[in-house]
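The values are calculated or read from the model by the stated rules, or taken from the named source; none is laboratory data. All figures in this text were calculated on a predicted structure; none of them were measured in a lab. Note: ideal-geometry Cβ built from the backbone for every residue, glycine included; neighbour counts use all protein chains shown. Protein only, heavy atoms only, side chains kept; ligands, DNA and RNA dropped before computing areas. Shrake-Rupley method; radii C 1.70, N 1.55, O 1.52, S 1.80 Å.
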Amino acid sequence: MTRHGLTLAAAALAAILATTASAQDVAMFGNSPSRNMVSDETGIVGEWDADTGMNVLWSQPVGSQAYGGPVVANGRVYVGTNNEGRRDPSIEGDKGVVMAFAADTGEFIWQMVHPKLSAGRVNDWPLQGVCSTAFMEGDRIWYVSNEAQVVCLDARGFADGNAGPFLDEEDTGPIAGDIVWSYDMIGELDVFPHNLATGSPLIIGDVLYTVTSNGVDEGHVNIPSPFSPDFIALDKNTGELLWESNPVGENVLHGAWTNPAYGVIDGRPQVIFAGGNGVVYSLDPATGELLWEFDCNPEDSEWILGGRGTRNNILSTPVIYDDKVYIGVGQDPEHGEAPGHFWVIDATGSGDVTDTHAVWHRGGEDFYRTMSTAAIADGVLYIPSLSGFLHALDPQTGEEFWTYDTFAAVWGSPFVADGKVFLGDEDGDVVVLRAGKEMEVIGEYNLGAAVYCTPVAKDGVLYILTRNRIWAFQDGAQSDPF
């Protein structure tokens, strides 16, 4: 572990005492640092018709594949996608793209375009674009690009001039993104992202936390950079490296594509992330010191290339709720369906707590692999599997209240708001259910393309990103048919 920049005392003060900006100024994956997929928004529409435009406020095309976002703050919507939408006809070929739209009208405002890494699909899979969901605060947004760079942008683009020290940006036109700072994890830390760098940053006070996506080589056997960090902390204002952590090292199974969560548990601040070895780690936010770890796979589990073994890595994001961590295991969806595990971990321990701090667990035929992040509200935990089963469980005991079958693969996460549960699937359907211990389907609506992301709501508007389009729904709205 190394430390740079801010003194440890200053970092500790920032992590422990600082508070985030007001809710209207901040947006992130999971809506809050706990990453619980729940919102207190009200008046959210529960039905719409994309064919007639009923309750459709607006819709806009993005690229041909979209996995980043959406996030909404300060009147704008940000998504990560690729360049197949060609918003700027002069920019050709495969690129990673972040787009900004007006939240009320859908007007396209600007885009930030990133070239592909020269190594090709081993580090930067074709057509995947930017898969990181951005963190938005005030007039800045932060994300991880397909080039494995942590990027800070001016949320206004070049509309207010050049906001950062980058004076040689190639594109400074009216629809171009404006870089404030950029930290190159490959150039500075020698990390080796497998297939793609995807982490969605978390900011607490002045400190930004993210995974590095360090993984295996193209043959899925060797670890090209076993001593590079798995997790880092940066100064959000300058991009300066504060500390780095390498608990996974040579034990990474495939890749690392999850996101950190933050909470103060029993008076102890913790930043928690899932490592590429299937182990959950809790770190001191100020120093990166390891607080505790929990292996989310049975001791006799075995990793076999191609996902045929019983050991799983983790694609889900940990959720902190009631001093516990809720998380499921899974693999690259190309590895297919198989039995998995969902764990609830008492986060008050120290050291290796695998054998002592499991609150409850579902596994084997009771729970299959998942890529999704949990939502917990009003005494119900909602968590789907990749197989398409949405489980409603008791968050204290794991007792199952009901299960809904989407009949399609689920990559995204359930979103709970206004007494409703929203969940998209690979067939392009979005199911809306009544939140609670009794299953009640309000409706199911097809959006014409796969839904790989999690819906969000802001100011009474529901935003859903499909594979190739961003939708905004509001009660009483009427758009032209799509």
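Things to note:
- Accessible carbon and sulfur surface of the stretch 349-441 relative to its total accessible area, %, 1.4 Å: 46 percent
- In straight-distance terms, cross-link reach from K236 covers every one of the lysines whose alpha-carbon lies under 28 Å from its own, apart from those fewer than eight places away in the same chain; here that gives K95, K116, K324, K458.
- Residue-count net charge about Y445 - beta-carbon cut-off 9 Å; Lys, Arg +1, Asp, Glu -1: -4
- Options G443, T317, C131, ranked by Cα towards positive dipole end of the chain, top entry (Cβ charges): C131
- Counting only protein heavy atoms and a 1.4 Å probe, the stretch 329-416 has 35 square angstrom of accessible area per residue.
- At 0.890 mPa s and 25 °C, Stokes D of the stretch 351-443 from Kirkwood alpha-carbon radius, µm² per second: 179 µm²/s
- Placing pseudo-labels 7 Å out from each Cα toward the beta carbon at N251 and A338 gives an inter-label distance of 1.9 nm.
- Total charge dipole magnitude, the stretch 26-125, about the Cα centre, Cβ charges on Lys, Arg, Asp, Glu only, Debye to nearest 20: 480 debye
- Cut-off 14 Å between beta-carbons: net charge of the residues surrounding H391, Lys and Arg +1, Asp and Glu -1: -3
- Contact order normalised by residue count of the chain, Cα under 8 Å, 6+ apart, percent: 16 percent
- Calculated accessible area for the stretch 54-128 comes out at 35 Å² per residue, all protein chains present (probe 1.4 Å; ligands, DNA, RNA ignored).
- Ellipticity estimate at 222 nm from DSSP helix runs (n ≥ 4, -39,500 (n - 2.57)) divided over the chain, nearest 500: -1000 deg cm²/dmol
- Taking all protein chains together and rolling a 1.4 Å probe, I272 ends up with roughly 0 Å² accessible.
- Taken about its Cα centre, the chain carries a charge dipole of about 300 debye when Lys and Arg each add +1 at the Cβ and Asp and Glu each add -1 at the Cβ.
- Rg over Rh [alpha-carbon atoms, Kirkwood Rh] for the stretch 21-171: 0.97
- For the stretch 211-280, convex hull of alpha carbons as volume per residue, Å³: 100 Å³
- Averaged per residue, the stretch 202-263 has 28 square angstrom of accessible surface, using a 1.4 angstrom probe with ligands and nucleic acids left out.
- Geometric extent, Cα atoms of the stretch 70-128 - Rg, Dmax (angstrom): 12.8, 40
- Cα shape, the chain, gyration tensor, a/c 1.5 rule: rounded
- Protein accessible area in the stretch 149-270, 1.4 Å probe - carbon and sulfur %: 47 percent
- Between the amide H of S132 and those of V144, distances stay under 5 Å, these residues lying 5 or more places away or on another chain, with hydrogens modeled in the peptide plane.
- Sorted from longest to shortest, the spans of the Cα atoms of the stretch 98-152 along the three principal axes equal 39, 20, 14 Å.
- Per residue, the convex hull spanned by the Cα atoms of the stretch 396-459 amounts to 106 cubic angstrom.
- Positive-pole candidate from V271, V221, S200, dipole of the chain, charges at beta carbon: S200
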